[in-house]
Amino acid sequence: FPFAADDHQTANAEVMVKANAAMLIKDSELTGEKLVSNIKDLSDNKNLLERMGANAKSMAKPNAAADIVDELLKLAGEAA
């Protein structure tokens, strides 16, 4: 997202890339051909896709919203 403050979206994406959980195409490098090439690479390499999926899943925080609410309530003095 080119309008993100301090390019934080790229920083977030790079964390995923370093964990082998994603691919990154910078906006300045994005072309239809590049996107198609990356999609084809993933569709042709099921092992890579499965590894990336497993790596992404290992980074997931499925209870993040509830955890944030709990912390906010604690800060507000109304711990659940």
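A short reminder: the numbers here are calculations on the coordinates, not readings from a lab. What you are looking at is a predicted structure, and each value in this text was computed from that prediction instead of being measured. We place every Cβ from the backbone using ideal geometry, glycine too, and count neighbours over all the protein chains shown.
Summarising the label geometry, the points placed 7 Å from Cα in the beta-carbon direction at LYS18 and ASP67 lie 1.8 nm from one another. Counting lysine pairs in the chain whose alpha carbons fall under 25 angstrom apart, excluding pairs fewer than 8 residues apart on the same chain, gives 15. Extension gain for LYS57-LYS26 works out to 8.9 nm (0.36 nm per residue, less the C-alpha to C-alpha distance).
If you average the sequence gap of Cα pairs under 8 Å that are 6 or more apart and divide by the length of the chain, what percent do you get for the contact order?
Across the chain, relative contact order equals 24 percent.
When restricted to Cα atoms, region 5-75 yields an Rg and a Dmax of 16.0, 50 Å, respectively.
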